[in-house]
Amino acid sequence: MQEPERAPWVVIGIGNELFQDEGLGIAAAKVVGAMQLPGIEVLDGGTLGLAITPEMEGRQGVLVFDAVVGGGAEPGDVLILQDQEIPSTRQMLMSVHQSGVVDAISAMELTGLMPQHIAACGIVPSSLEVGWGLTPETEARIPALVAAGLQLLVEWGAIDAATAARHTQT
């Protein structure tokens with residue numbers, strides 16, 4: 001039996017929902033998933049790390065949502081890393097999952113399976129304490145994170161600007 005054709009674009013939420021804001025990537029991916037955008041598959045990557053590689057291979061583009069840190073960035077800041085910025089800044093994608101996404105991207109690059117477009121969008125977390133659910137500060141920033149991700153999808157040609165605008169109106 002032939003497997004169904006995969007969507008050319010994938011959005012992956014990464015994180016661990018048991019550590020408060022560590023789950024923000026999954027929360028953002030759920031928002032995008034509810035939009036049911038054609039040609040875009042949305043996955044909960046949880047803490048899979050390198051095991052997520054097969055889900056990224058063979059795609060035109062990969063958009064990852066995750067908790068991030070960066071030099072001088074404050075909790076609540078939205079950060080975007082694209083293409084070659086991701087492997088070279090492995091310390092910025094931070095999580096209980098030990099930067100597994102960066103390792104997966106590096107592996108794809110080494111094997112020549114790198115998608116045409118790849119980006120990581122994240123928020124600097126307010127808290128990584130044990131506890132279910134995002135902090136109010138991070139929860140309030142999820143719409144800005146999703147809007148940043150949708151803008152990348154527009155730039156890549158995965159969706160049109162009108163679709164992005166329709167889903168980011170408040």
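Projecting the alpha carbon convex hull of the stretch 36-84 along each direction and taking the average yields 5.0 nm². Using a simple spin-label model with pseudo-atoms 7 Å out from Cα toward Cβ, ALA73 and ALA147 lie 1.8 nm apart.
Ordered from highest to lowest accessible area with the whole protein assembly present and a 1.4 Å probe, ASP160, ASP83 read as ASP160, ASP83.
In this entry, the stretch 1-40 is assigned a mean projected area of 3.8 nm², taken as a quarter of its C-alpha convex hull surface. Given a 1.4 Å probe and the protein chains as shown, VAL78 ends up with an accessible area of around 40 Å².
The values are calculated or read from the model by the stated rules, or taken from the named source; none is laboratory data. Treat the numbers as computed from the prediction; the structure is a model and nothing was measured. Positions of Cβ are generated from backbone atoms using ideal geometry, with glycine treated the same way; all protein chains shown enter the neighbour counts. Note: accessible area is taken over every heavy atom of the protein model, side chains too, but ligands, DNA and RNA are not part of it. Shrake-Rupley method; radii C 1.70, N 1.55, O 1.52, S 1.80 Å.
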